[in-house]
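K.L.:
Okay, handing you the structure first.
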Amino acid sequence: MSSLFMPPEASTHAVHVDAIFIGILILSALITIAVFALIIVFAVRYRRGSQAKRGKLPELVSREFEIGWTTATLFLFVFLFWWAAAADLTGLTAPANAIEIHVVAKQWMWKTQHASGAREINALHVPIGKPVRLIMTSQDVIHSFFVPAFRIKQDVLPDRQTETWFQATKTGVFPLLCAEFCGTDHSMMRGRIVVMRPEDYAKWLTVQPQGDDLAHQGAQLFVSRGCSGCHAEASKVHAPKLEGLYGRSVQLADGRHVTADEAYIRDSMLQPKKDVTAGYEPIMPSYAGLLDDGEIDSLTAYIRSLATSTGDAR
Ligand code: CUA
């Protein structure tokens, strides 16, 4: 029935969202019907001049009845909250085995990049039945990555990374929309998600123009942008080592602990004074405006690749 009124249901998350939506819709309909039925019954039964019995209800029956229905509705609504919140929370964190795709939004297009280095514009090819993690940022204003068929929608912000993920359950082509007004051509900021069988996806990926993968691009930038001047093994500058950094907990100069994830690494390049590692001077200059989002993604991928080489795998 959902296909009549709703977009196709093409991800694992969509199944949960639709079940919650239809569940709440049915519950609301039942309550509405009950309320209107009682209004009509009481209006007829207690109309002026009718013989119906009036006066106080027996007190005991009335009190137990009140406690009963209040408790029942409380549990019902706590259940609804739990049901919806649980679905939303699982929508936040991608499984560890997810394919990673970098998404950069700009006025007015979607740029996507696969871990292999393959790039697409206003399109994203993914295999069916595999979790796909989207790591997203914007080059200008706020956009919103919206795939109705997957029931996912996530704001994409400048100078910040946001994430979402999905696992497609149907092959086909599904529309990708921008769901945040982002200027004149906001309504034209469309793309398509192409869900393929795994063997077709593998074939598609091999025929893409062979760019270097992200980590290799990052390794070159690491030297050409001067990062290696301080962060390389042989450097005389006292700078934090990047080997094994990714995914580790880092102690900061102000006593806080943070996990070195994508967002932390990105912030460290753009706002190096924000989270200074304990034991180091805040001497790193900001690279805001010097690196574009694609370069930041590449450098982050390179720093991640350093983590695995020390056995600190993820
Ligand atoms: Cu991008 Cu609206």
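K.L.:
Any residue at all in segment 291-301 that is under 27 Å from Val103 (Cβ atoms), at pLDDT below 85 and open to solvent by 50 Å² or more (accessible area, probe 1.4 Å)?
P.N.:
Checking segment 291-301: at least one residue is under 27 Å from Val103 (Cβ atoms), at pLDDT below 85 and open to solvent by 50 Å² or more (accessible area, probe 1.4 Å).
K.L.:
To continue, here is another question. Restricting attention to segment 100-109, and to residues there that are within 14 Å of the ligand (Cβ to nearest atom) and of a type outside the set (D, E, K, R), which single residue is nearest to the chain's Cα centre (by Cα)?
P.N.:
The residue in question is Val103.
K.L.:
Given (1) without any contact (Cβ under 8 Å) to a residue 40 or more places away in the chain; (2) surrounded by 19 or more Cβ atoms within 10 Å (Cβ to Cβ), identify the lone condition not met by Gln217.
P.N.:
(1)
K.L.:
Turning to a different aspect of this structure: Of the residues Gly247, Gly255, Gly279, which single one is part of a loop (DSSP other than H, G, I, E, B), over 28 Å from Leu124 (Cβ atoms) and modelled with pLDDT under 85?
P.N.:
Sole residue among the options that is part of a loop (DSSP other than H, G, I, E, B), over 28 Å from Leu124 (Cβ atoms) and modelled with pLDDT under 85: Gly279.
K.L.:
Quick one: which strands (runs of 3 or more DSSP E) lie wholly within segment 132-202 and hold at least 1 residues that are on the phi > 0 side of the Ramachandran plot and either surrounded by fewer than 21 Cβ atoms within 10 Å (Cβ to Cβ) or within 14 Å of the ligand (Cβ to nearest atom) (or both)?
P.N.:
The strands (runs of 3 or more DSSP E) meeting that bar are 172-178.
K.L.:
Here is a further query. Residue by residue through segment 110-131, note down the ones that are surrounded by fewer than 17 Cβ atoms within 10 Å (Cβ to Cβ) and within 15 Å of the ligand (Cβ to nearest atom).
P.N.:
Ile121, Asn122
K.L.:
Right, next: Is it the case that segment 133-148 has a residue that's farther than 18 Å from Asp185 by Cα, among the aromatic types (Phe, Trp, Tyr) and outside the structural domain of Glu295 (by TED's automatic domain parsing)?
P.N.:
no
K.L.:
Is it the case that segment 138-146 has a residue that's of a type outside the set (Val, Ile, Thr) and in contact with a Phe, Trp or Tyr (Cβ under 6 Å, 6 or more places away or on another chain)?
P.N.:
Within segment 138-146, not a single residue is of a type outside the set (Val, Ile, Thr) and in contact with a Phe, Trp or Tyr (Cβ under 6 Å, 6 or more places away or on another chain).
K.L.:
Something else now. Please work out which residue is nearest to the chain's Cα centre (by Cα), limiting yourself to segment 145-169 and to residues that are touching a residue at least 60 places away in the same chain (Cβ under 8 Å) and over 15 Å from Val17 (Cβ atoms).
P.N.:
Glu163
The values are calculated or read from the model by the stated rules, or taken from the named source; none is laboratory data. What you are looking at is a predicted structure, and each value in this text was computed from that prediction instead of being measured. Glycine also receives a Cβ, built like all others from the backbone with ideal geometry; neighbour counts cover every protein chain displayed. Just so you know, the surface numbers come from the protein's heavy atoms only, side chains and all, with ligands and any DNA or RNA stripped out. Shrake-Rupley method; radii C 1.70, N 1.55, O 1.52, S 1.80 Å.
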